[in-house]
Amino acid sequence: MKTILVKALCLITLGLLFNVFFWNEKLGVNLLLFSILLISVLMYFYQESIKTVSVKISIAFTVLSAIMVVWHNSLTSKLAFITSFMIMTGLLHEYRYRTTYNAFAAYIVNFFQVMPNYFSGTQAWLIQSKVAHTQVGRSLAQLRFSFVPLLFFGIFFAIFKTANPIFSDLTDTLFRSFYTLLESLFTNFSVPWFTFFLSGFYLLGSILYYKPFDTLLQHESTQHNWVIRYRQIIKNKPLPNFKTLALKNEYTTALILVISVNALLFVENCTDIYWLWFNFNAKAIADFSVLLHEGANMLILSILLSMGILLFYFRKNLNFYTKNTLLKQAAYLWIIQNGILGLSVLLRCYYYFQEHGLAYKRIGVVIFLILTYVGLYTLYQKISQKKSFFYLLRINSWAAYAMFILLTLINWDVLIVSYNLKHPKLQTGIDLEYQLARSDKALPILVKNRAKIQDLLSTGKILDSKRNQISMNEYLYYRIEKFKKEYPRYSWLSWNYADYQAYQYFNSRN
């Protein structure tokens, strides 16, 4: 009972602080302070969970992403924090999860069970406390049964009021005095604030209260890191030879496929090495975007398809086939060749950056390729050590999680605009509208390089917030003035270093 009361008090306190910290504020110092406070509360209630390495890592990742929100205040850092906090909460609720995606899914399921969790927590408190044996306690215990009837009463009341004018006039007359009272109470009532207030309590409830979801945990508990060999045992009878024959046929099919595609991939890699690595000429390419978008996408698809084929053939008993040495060697060669193919894709990205600059989708291709290399390594581990598909999912999900957190260490908007404006090849063909669409943190860089792009600023057109065409020069001035007016409106709770630095830059110019 003590734990239930303490958790309820924490919910109320944190709910009020959530409203103070975040209402009409931006994410900044408030996020770091509140997350540290909330993590401390969770560590108190889930002391057994914090002993595990996975939970410690997720807590460290969450705090790091919150610090990066204060430092860079980028969209990447905010998304990484939200994702990391959900994974961390799922692991704190149930530390036996070994994968990040199951911990994430468990939290999502728990999020939609907040109301049942509230009711079950209240019911447990009523049962364990002396209040349950009083008339007030019995009334509170029965109150939950009125929820559904009251809900449908309201629905039918609205239907009849809309469908029947006489019924509507009658109810208006009967409840006019009640409406007057409500109007006097809620004259200054803010629906957005009240919605935000309730949303905060709902969100915190999904974090503090946990109802076990056995389906996910039971499914994961049956998964192993190694492939299990399946044997057919029939008492006092010889094993049928068609099983061995089927395995031999599967081995032959796999060997022909892997060797033939290896040969095809060898030709592709030789072509890329000669043309792309050592004899590249950008002027000879009619449509440079095809080189990156269509070409890179198809090559990445080739890598993923190759990984899928190897996973299919090394899923079960083919791992234990005594004569599979040649197939394994061909598979290793295929993995190495896919690694070389990945380098060719990286070179395509590099050449495209040189000609057209940085952009989020182009950087995303590079990030995806890095994760693909992790996948290729774990695929090698799977084949050589007879690891399971679950092993690949577990390791690669943690790798993706770690990569997402590492991305928060870079202020991407500032990097993109700085590179694109300072790179000598991009001065004539820069996508200026894309640069102007970056966050406020990049505004000082645009101003510093204004002389270089003055002609483009004066002649280019852009749609403003009201969908009117204005010059890019006017739009840049509008963005700066808007930022300078909005920044002082926020309190210290919204402080972040990136916006502070930009504001100080414009103040010094004045």
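Quick one: check the C-alpha center-to-center distance for the stretch 396-425 versus the stretch 351-386, whole angstrom.
First find each Cα centre; the distance between them is then 14 Å.
Please list W398, W23 in order of solvent-accessible area, largest first, computed with a 1.4 Å probe with all protein chains present.
Largest to smallest exposure gives the sequence W23, W398.
Just the number: Rg to Rh for the stretch 324-376, Cα atoms, Kirkwood Rh, two decimals.
Rg/Rh for the stretch 324-376 comes to 1.16.
Order E486, E220 by their accessible area, 1.4 angstrom probe, all chains in place, largest first.
Ranking E486, E220 by accessible area, largest first, yields E486, E220.
Could you tell me the accessible area of L11 in Å² (1.4 Å probe, neighbours in place), rounded to the nearest ten?
20 Å²
Compute, for C270, the solvent-accessible surface of its heavy atoms (probe 1.4 Å) with the complete set of protein chains present, and express it in square angstrom to the nearest 10.
60 Å²
Just to compare against my own numbers: the Cα pair-distance distribution for the stretch 41-114, 5 Å bins, whole % per bin, please.
Distribution as computed: 3, 19, 25, 23, 17, 10, 3 percent.
Between F160 and N281, 0.36 nm times their residue separation minus their Cα-Cα distance comes to what?
36.1 nm
Compute the label zone of Y373 within the stretch 65-98: residues whose backbone N is under 14 Å from the point 7 Å along Cα-to-Cβ.
none
What accessible surface, in Å², does a 1.4 Å probe find on F61, ignoring ligands, DNA and RNA and rounding to the nearest 10?
Per-residue accessible area (F61): approximately 50 Å².
The values are calculated or read from the model by the stated rules, or taken from the named source; none is laboratory data. What you see is a predicted model; the values in this text were computed from it and never measured. In this analysis, Cβ positions are derived from the backbone assuming ideal geometry, glycine residues included, and neighbour counts consider all displayed protein chains. When the accessible area is computed, the model is the full protein with side chains, heavy atoms only, and any ligands, DNA or RNA have been set aside. Shrake-Rupley method; radii C 1.70, N 1.55, O 1.52, S 1.80 Å.
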